[in-house]
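Accompanying notes for the structure given below.
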Amino acid sequence: MTKDPILKAKNIVKYFYDPATFKALNEVSFVAYKGEFLTLMGKSGCGKSTLLYCISTMDTKYEGELVLNDKLVTGLSPNKMAQIRNEYIGFVFQFHYLLPEFTCLKNVMIPALKLNKLSHQEIEERAYQKLEILGLKDQAHKQANKLSGGQQQRVSIARALINDPAIILCDEPTGNLDSKNTQIVFDIFKQLASENGQTIIAVTHDNDFAKASDRTIEMADGKIIG
Amino acid sequence: MKKSVNIEIAYTHIITRKTATFIAAVGVAIGVGVYLFMNSLSSGFTKFSRDNTFVSNAHIKVYVKDKISSTIIPHSSKTSYIINNSQILDLSKKLYNPDQLLQTIKNQPFVINALSLVEYSVNFRRGSSELKGSAVGVDMNEYAKMFNTNKYMIAGSTNSLKENLLGVIIGQGLAKKLSLQMGDNLTISSNEGVIQVLKIVGIFRMGNPSMDEGRCFVNLSIGRQMLKTSADYVTTLYVNTVDPDKAEDYAKMLISYTDYEVENWQISSAELLSADKTRIIMMGSISLTILIVAAFGIYNILSSTINQKINDIAILKAIGFNGTDVIKIFMLEALIMGVIGTAMGLLLGAGLIGIVSNIYMGGPVGYFPIYFEFPLFLKSFILGIIIILCAGYFPAKNAANVDPVSIFRK
């Protein structure tokens, strides 16, 4: 199987200025391939989350270049970046971060409604589909804050999937979950990467989780060490 | 049509925060309601005082202005001057060729009505009591048409002057002072020394002491007789226009047709106007302040909403909403609160106007002079919405500037 690069980070340098100037990322370069399940590991403060947010396009204050799908993303306007996030990138956070006053279904639908490429009805069908994949179809009409943590995390994964993004970025996706839910989430990621060809990049502290992924990038002191 | 997701989010926020929305709306409602009420009050008073002015004053008067002689007159020798006491020249108050001038004025598109009359000072006498006053010699039917005088007649009618050449119409105050009744005779003398005994054929009450106690109406020919003048003698032209507020401009246009003094009512009633202005400014500024305080309420509520929802804003930005979307969402929430509040405020204002307009004040005022004025409703609505949008913009702008990374990394 040939490896198509989907995301390239070139010499990313990132400083933090508060409270004191600190080089969080020191010329980090790496390539993520299509259909790859990639984990980022390292000790607290090694820069892995910083790197994740740089490649997420939400953090724009870095030096270096970020190429997504053969297109240079660095330096685009904030609105353009928002559009790229909407269409090509899905997010899963440690704290599930759903919109509490909306139903699960609505939460899943919102990124697609924003993208505005399908009709409302088609989007609703897709949202049901994604919830079904994650075993939550029966919870669709419950308000998001009425669900358990594990369920909320799965809803947020469904939300990340709704626009079929090329890349799914995860910040400690299993950090708040018990082993059973961790296993469920892991299996879903594995399946997404192998069957849909979507790229997963996950920051994790969980050694077992990382070992079972396709590739693990280890970081220390703002550099990739292996 | 696809409903915009921004609208859907704003709508859900509003629905799930009914109490906060309601409180904000009530704040706006009170502001807009009081604004509307106070401005209606002010406008009602202005209308009342204006109507009062036009009971006896025309929008524009044309008359001969008193001329004052100059103190230094060059002598024919050109080397010396005659020094004179400056004084009012004893010139006739007669307008020359009044019919032609009247016709010219009547032909102006902005003139509704115009008439000619003689005005002069008189003494009213009955027995040994004597009162000073003024008489107007005029075609009473035309005058009544112009000033709606029939409305103020409490005895007799304006038409009776036509039927009775030696009749006079006087004010209620004068009748009371001289113990006169309908049908009684009243002796009137002019400065020219002409004395007439006239029969009272009508009594009016205009609610204005200077009119009710000192004014009488006689036939034009009697007036001319009392001034010992010819049959075409006229001292004043009264002109009513389509819009009294533009009387000044109209007066300027009329100046080109005549050398006589053309005076708009704003000049003759300057003190009334300045009282109106003071009232409008005072009430306007107080009510606007209340409205602005209400806007701060909206600002506060939106600011706290945004602080509570800072995580949600970060998520929205992460999943692809840009700053403009975030501003739209929160401005829309402000707009919804504003529209609900403004609508409630208009109802509140209408209720207050309704109650107050039913209060009977008595006397010539009658019911409290306050009216439902559509332009004021519209103005209150538009102003309410504008102020609320301004109050909503700053919190919304703050929301748009939220940096999602800093929220997620906490």
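Within segment A:203-223, being outside any strand (DSSP E or B) and either within 21 Å of residue A:14 (Cβ to Cβ) or in contact with a strand residue (DSSP E or B) (Cβ under 6 Å, 6 or more places away or on another chain) (or both) holds for A:204, A:205, A:210, A:213, A:214, A:221, A:222. Can you go through B:258, B:278, B:305, B:289 and tell me which one is assigned to a loop (DSSP other than H, G, I, E, B) and β-branched (Val, Ile, Thr)? Of the residues listed, the single one that is assigned to a loop (DSSP other than H, G, I, E, B) and β-branched (Val, Ile, Thr) is B:258.
So that you can scan it fast, the table gives a plain yes or no per residue for (1) free of Cβ contacts under 8 Å to residues at least 40 places away in the same chain; (2) surrounded by 16 or more Cβ atoms within 10 Å (Cβ to Cβ); (3) within 30 Å of residue B:17 (Cα to Cα):
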{"position": "A:74", "(1), (2), (3)": "yes, yes, no"}
{"position": "A:81", "(1), (2), (3)": "yes, yes, no"}
{"position": "A:84", "(1), (2), (3)": "yes, yes, no"}
{"position": "A:89", "(1), (2), (3)": "no, yes, no"}
{"position": "A:93", "(1), (2), (3)": "no, yes, yes"}
{"position": "A:97", "(1), (2), (3)": "no, yes, yes"}
{"position": "A:101", "(1), (2), (3)": "no, yes, yes"}
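Out of contact with any Leu (no Cβ under 7 Å at 6 or more places or on another chain) and surrounded by fewer than 16 Cβ atoms within 10 Å (Cβ to Cβ): is that true of residue B:15 in this structure? When the stated conditions are applied, residue B:15 passes them. Just give me the residues in segment B:1-27 being within 14 Å of chain A (Cβ to nearest Cβ) and among the small types (Gly, Ala, Ser), in sequence order. Matches in segment B:1-27: B:4, B:10, B:20. Restricting attention to segment A:95-114 and to residues that are part of a helix (DSSP H, G or I) and within 7 Å of another protein chain (Cβ to nearest Cβ), the residue that is nearest to the chain's Cα centre (by Cα) turns out to be A:111. Condition check: of a type outside the set (S, T, N, Q), in a strand (DSSP E or B) and either in contact with a Ser or Thr (Cβ under 7 Å, 6 or more places away or on another chain) or not assigned by TED's automatic domain parsing to the domain that holds residue B:49 (or both). Does residue B:272 satisfy that? Here the answer is no, as residue B:272 does not meet what is asked. Being touching a helix residue (DSSP H, G or I) at 6+ places or on another chain (Cβ under 7 Å), surrounded by 19 or more Cβ atoms within 10 Å (Cβ to Cβ) and either of a type outside the set (Asp, Glu) or not assigned by TED's automatic domain parsing to the domain that holds residue B:233 (or both) holds for only one residue in B:190, B:116, B:134, and it is B:116.
For segment A:80-94, indicate whether the set of residues that are within 9 Å of another protein chain (Cβ to nearest Cβ) and over 30 Å from residue A:9 (Cβ atoms) is non-empty. Looking through segment A:80-94, none of the residues is within 9 Å of another protein chain (Cβ to nearest Cβ) and over 30 Å from residue A:9 (Cβ atoms).
Of the residues screened, residue B:30 is not one that is under 30 Å from residue A:112 (Cβ atoms) and either within 14 Å of chain A (Cβ to nearest Cβ) or buried (at least 17 other Cβ atoms within 10 Å of the Cβ) (or both).
Check segment B:171-184 and report whether any residue there is out of contact with any helix residue (DSSP H, G or I) (no Cβ under 7 Å at 6 or more places or on another chain), in a strand (DSSP E or B) and under 15 Å from residue B:130 (Cα atoms). No - not one qualifying residue is present in segment B:171-184.
Here residue B:65 meets the list (1) assigned to a helix (DSSP H, G or I); (2) surrounded by fewer than 17 Cβ atoms within 10 Å (Cβ to Cβ) almost entirely, failing just condition (1). In the set B:154, B:169, only one residue is within 32 Å of the chain's Cα centre (by Cα) and exposed (fewer than 15 other Cβ atoms within 10 Å of the Cβ); that residue is B:154. Take the conditions (1) within 12 Å of chain B (Cβ to nearest Cβ); (2) at pLDDT 85 or above; (3) farther than 20 Å from residue A:198 by Cα; residue A:57 misses just one of them, which is (3).
The values are calculated or read from the model by the stated rules, or taken from the named source; none is laboratory data. Just so you know, these numbers come straight off a predicted model, no measurement behind them. For neighbour counting, all protein chains shown are included, and Cβ atoms are generated from backbone atoms with ideal geometry for every residue, glycine included.
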